[in-house]
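The values are calculated or read from the model by the stated rules, or taken from the named source; none is laboratory data. Note that the structure is a prediction, hence the values are computed from the model and not measured. With ideal geometry, Cβ positions are generated from the backbone for all residues, glycine too; neighbour counts draw on all protein chains shown. Note: areas computed on protein heavy atoms with side chains; ligands, DNA, RNA excluded. Shrake-Rupley method; radii C 1.70, N 1.55, O 1.52, S 1.80 Å.
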Amino acid sequence: MTRQSRWHISSYSGSNDNCVEVKVHDENLPGVVRARDSKDRSIPEVKVTAAAWTSFVDHFAK
């Protein structure tokens, strides 16, 4: 059985229209975190390593 990949809306998005979706488990891109604008999916998504994403989130969680 393969792990199902889903997009998740960031808990930091709130109700202020700053909507970011993140996909962390993608069997086609192991070790890569994908992020996109949930309001305008025509904008290319961002792909970074899991380590880079963790550093990014840790920086803004302070």
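A few notes on this one:
- In summary, the lysines within cross-link reach of residue 62, defined as a Cα separation below 25 angstrom excluding same-chain residues under 8 places away, comprise 23, 47.
- When all protein chains stay in place and ligands, DNA and RNA are ignored, the 1.4 Å accessible-area order of 27, 45, 21, largest first, is 27, 45, 21.
- Environment charge of residue 50, counting only residues whose C-beta is closer than 13 Å and scoring Lys/Arg +1, Asp/Glu -1: +1
- At an R0 of 35 angstrom, the distance between the Cβ atoms of residue 61 and residue 28 translates into a FRET efficiency of 0.80.
- Distant-in-sequence amide H partners of residue 25 (H built 1.01 Å from N, under 5 Å): 6
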